[in-house]
Each structure stands twice: as structure tokens, then as C-alpha cells.
Amino acid sequence: MPIPLVHSIASWFLKKRIHQMELFLKYPHEVQNELLHQLIDKAKGTEIGREYGFHELKNYEQFAARLPISSYEDVQPHIERSRKGENNILWPTPIKWFAQSSGTTNARSKYIPVSTESLENCHYAASKDLLCMYLNNNQNSQLFSGKGLRLGGSKELYEKNGTVYGDLSAILIDNMPFWAEMSSTPNSDVSLMSDWEVKMQAIVDETIQTNVTSLAGVPSWMLVLLNKVLETTGKKDLLEVWPNLEVYFHGGVSFEPYLDQYKHILPKDSFKYYEIYNASEGFFAIQDQNDSKDLLLMLDYGIFYEFIPMDAYGTPEQKIIPLSEVEMHKNYAVVITTNAGLWRYKIGDTVRFTSMSPYRIRVSGRTKHHINVFGEELIIENTDIALGVAAKETQSEIKDYTVAPIFMKGREKGAHEWIIEFKNPPQNLKVFNTKLDNALRAVNSDYDAKRFNNTTLNAPLVHSARQDLFYDWLKENNKLGGQHKIPRLSNKRDFVDELLKLNI
């Protein structure tokens, strides 16, 4: 299809979609309330709808009073029945696909239901919206003059009892519309290869001869692929391989620790980075402005949002609030009700709002991935920022990291133990340690209070990991692939102790 025609079609769709988005931008609470009523009405004849009397629910207050907050463990029995082919349990239309997710350290797989509605009206709709927003902000873009390099998960799709499970990315690729397939590389056969290391080389071999104009994938794994491209081609940067490359669409993990490495291999001031926030459970937010870290919360994808303030999360004082009651800059756990049959479901992520009109957010971490052993309330957003400061001030580059507590023993005070794999290590690790500690104190007042005069916490202990330590751990635990992530923070020492044994 000629490039001008593609741009014309994209522009037409953009104008149509922008008009639709204006509705939830101007009337966010009304759109969310109407969506909730639609979800309840559609599911009133399901097993869960009958159990909780959906036909009686008239407003949000009744919905919140009637249905409990749920975790995966709560809905697992329903999901297992669905996977065996039973219908009309959580959602009225048959659920054929289940996105397999093992989380981070937990080896047991989760199977998240993916309905036809969530595929079409959430995941694929978001992909189109992302392109629309990007093109709207970059009128001279030549995005469609080439192809987008996509890097998904590592697993094939598996069929059992008439249902299909695998990585969400594999499900999306397998059901991808023809227009998306035509504009993507590598081909589906390569994208769905199960052997991650073989697949990486196959992607390199196919794409280095392609006019790639965009990248899409998780920053940590994409970086591995891009360095392999440079290694294979012998080029000093990616623009020598793909001169028309103009944007990287990223998500899955924080981009902060990787930004400098990307700028090094993409030395182009006009190059764009666009962040997305999606998961197996749905597509939630999209960066809608150039050079911004704020993500627009998408309110018409069939997802109803609620939030739990993290200052009382898991306590008897915990409360759940709708979008209309959130406040700026507070940390919230995300709760969703979706068009795939998840009802008041805790997805495990935390966000904070940076704008109320429209609603924009930043992902701040995970409910299970924080450290609060000593009242320091350390979250991933804090550690990412502090690492960025310390790396910049010591001219070093960070590849991966994890942190765990050193528990108090007798009169010994506690501390945090870091394992950091550097791409470019600092000349003096003690100086880096001090810079990191100071940066953490600057971004987290609770940490600062515990560190004041070593009141509760001693200075952090930082280990410089051997090269490929984290990769080797992932490989040993069968977790190679685009959707697997390193657990950053933990209140336990299991992961750190495993790595310390490998760090030889």
C-alpha cells in the first residue's frame, strides 16, 4: 500500500478516534459509570452475576458493597473451570484464550482470561490509539514507510480442552489483524519460536535487512536484542543499521535504568520514546505527549477502575475508592473490573496521578515489590530515580539490579543489600554507594528519617554483579523471554541469596 494512502487512512481514523476520546477526557466519571453499568448488565446472567445479584445493582455504591475485592487465588477455581471448556462463569461470551503469566519469582503460572471483547476493544484498540497519538504529535513521521520491530514473549501457544494458553504477546500475534501483520517484523513464525536464544538470532537475521522505523517491546529484553544486532552487523549504532528508525514504544518495566544505554546506541536527538502501560489483564494507559513520562489513563477500553491508597493497603483501615476520589501524587494499588470477566481484581501494580484533567498517571511499582521492613516505604520508582542519579554522577551504566533487606541481629542495625549488574561500572563502588544512598534520601523522606544518624538503617551494601548474572538466573529458571522481569525489591532475602550464590 502506498505510503501517502496509509497516512490518509491513519489520519481519517485519528480524527474519528480523537472525537471519541474527547468524551472520556471531558466526562471521565460519567464514562466510567456507564461502562460499569454495561459490564454488570452484560454479565448478569453469568454464574458470578447470579451469585452477587447483578440484576439488583443500580449504582457504584451497591456494586462496591456487594462484590469483594479479589486476587488471582480467589478467582483461580473459576478460571480453571473456564480453561476446561465451561462457559458463562465469569463472562457471558466463551473465553478461548488465557494469557499465561508466571509473575517474577513465583514459579506457578497464572492464566488470565482474554475474551474476544478484550482483544478487540482493549488490546488492539490501544495499539491503534498509540499509533494515532504518536502520528498526531509528529506530523512529519514516516512511520509507515517501513516496519515495526516487535519483540514479544518466548512461548508458543498451547491448546487444551478447546482453549488456548500462552504469553499474551503470542495470543496477540496469533490473532493480529492483517494490517498490523503487514507492517510488522519479524514474521509470526519467528515471533512465536519457543527457544528464546535461537529466536533472538533469527530476529536479527530477518530484521537487519528490513527498513525498520519503530521498535516495540520490554526495555531490558529489547536491549539484549539490539546489542545482538550491533554485534552481528559490526555497526557502532542502530542508525547505521536502520537509518529511518524514529520511535521506540516501550512498557513492562521502568525505562529509567535503561535510558542512557538506549541514547548511546540511538544517537539522534529527534528520536522518540513512547511509554505504554499494559499487562495480561488489559491495556491501561498510553503516553499521549512527546517527551513526557505521564501516561493518559484510557477510560473506554471496557475496564472500570478502582484504587486502594497504599498508605493503608492490607490493613483494617484499607479502603477502595473510584476514579472520582483519587488525589494527586498519592500512591495507589490498581483494582480493575474488565470485559474479560475480572471483577474488582487486584492486578498488583501501583500508580500515582500526575494530572486530574485529564487523568494521567505514572507507574510507581508493585504492591508486592517494595521494602518496608523498617518503615522506609521504599518503592521501585524511588530506586529507579536514585540509581539514575548515582549512575550519572559516577559516569556508570546499569544493566539490572535487585534489592533486599539485611535484617537486624541483636544490636546490629538493618540495611539494604543491593546486587547491581553494571554495563559500565563506576571507578569507585564506595563513591557510587554514597551517591545512591544520598539520592534515596532525597526522593524518600521515610528512608531519610531511618538513615538519619544511622537511627534504624545503616548505609546500603552494594555488590557489583558479574556479567550476565541476572540472565543466567533467568535461563536457569526457564524465564528467558520478553515478558519475564527481574524482581526489583523484596521484603524477603530469597532472591538475593540465590543470586549471591550464583555471583561467582
Query raised in the report: Going by the conditions given, is T434 over 22 Å from G388 (Cα atoms), touching a residue at least 24 places away in the same chain (Cβ under 8 Å) and of a type in the set (S, T, Y)?
Result: no
Query raised in the report: So, in the stretch 327-384, of the ones that are among the acidic types (D, E) and under 15 Å from the mean Cα position of the chain (by Cα), which residue ends up farthest from P28 (Cα to Cα)?
Result: D384
Query raised in the report: Scanning the stretch 226-251 for residues that are outside any loop (DSSP other than H, G, I, E, B) and of a type in the set (D, E), which turns out farthest from Q287 (Cα to Cα)?
Result: E231
Query raised in the report: Just one of K293, K268 is in a loop (DSSP other than H, G, I, E, B), under 19 Å from the mean Cα position of the chain (by Cα) and either farther than 30 Å from R83 by Cβ or among the hydrophobic types (A, V, I, L, M, F, W, C) (or both); which is it?
Result: K293
Query raised in the report: Does I48 count as in contact (Cβ under 8 Å) with a residue 24 or more places away in the chain and either under 27 Å from the mean Cα position of the chain (by Cα) or over 30 Å from N136 (Cβ atoms) (or both)?
Result: yes
Query raised in the report: Which of the residues that make up the stretch 219-241 are β-branched (V, I, T) and closer than 23 Å to Q142 by Cα?
Result: V229, V241
Query - Filtered residues of the stretch 211-250 (kept if exposed (fewer than 15 other Cβ atoms within 10 Å of the Cβ) and under 20 Å from M182 (Cα atoms)) - result: N211, N244
Query - Condition met for E476 (modelled with pLDDT of 90 or more, out of contact with any Cys (no Cβ under 7 Å at 6 or more places or on another chain) and among the charged types (D, E, K, R)) - result: no
Requested in this report: List every residue pair whose Cβ atoms sit under 8 Å apart, with the two residues 6 or more apart in sequence or on different chains, where the first one lies in the stretch 439-457 and is of a type in the set (F, W, Y) and the second, anywhere, is in a helix (DSSP H, G or I).
Outcome: Y447/N382; Y447/L440; Y447/R441
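The values are calculated or read from the model by the stated rules, or taken from the named source; none is laboratory data. None of these values were measured; they are calculated from a predicted model. Counting neighbours? That spans all protein chains shown, and the Cβs are built from the backbone with ideal geometry, glycine included.
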